[in-house]
Amino acid sequence: MLVRQQAQATIDARKMIVTGAVGIACDALAELTERGKPISAAESGKFVSNLVMVICAEKGPTPTIEV
């Protein structure tokens, strides 16, 4: 029974994290638009995907440089 309760607690916590991450990403897109820096739909998809991934990840992000 304890294992089931722990699993449910983990699921609930993950749902909360994902919901918060999506909210943060939406707010960030809105803020960019308000500041006169709108981005295209393709860039928006990448931006949201990357931001949600970083927020939801258990480890910190690893910076990469595109050449």
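The values are calculated or read from the model by the stated rules, or taken from the named source; none is laboratory data. Note that the coordinates shown come from a computational prediction; the quantities given were computed from them, not determined experimentally. Virtual Cβ from ideal backbone geometry, glycine too; neighbours counted across all protein chains shown.
Selection over the stretch 35-51 of residues that are surrounded by 10 or more Cβ atoms within 10 Å (Cβ to Cβ) and either assigned to a loop (DSSP other than H, G, I, E, B) or more than 17 Å from the chain's Cα centre (by Cα) (or both) gives a count of 2. Taken together, the criteria exclude residue 54 from residues that are at pLDDT 90 or above and within 11 Å of the chain's Cα centre (by Cα). Condition (residue is at pLDDT below 95 and either on the phi > 0 side of the Ramachandran plot or in contact with a Gly (Cβ under 7 Å, 6 or more places away or on another chain) (or both)) applied to the stretch 16-26: is it met by at least one residue? No; the residues of the stretch 16-26 include none that is at pLDDT below 95 and either on the phi > 0 side of the Ramachandran plot or in contact with a Gly (Cβ under 7 Å, 6 or more places away or on another chain) (or both).
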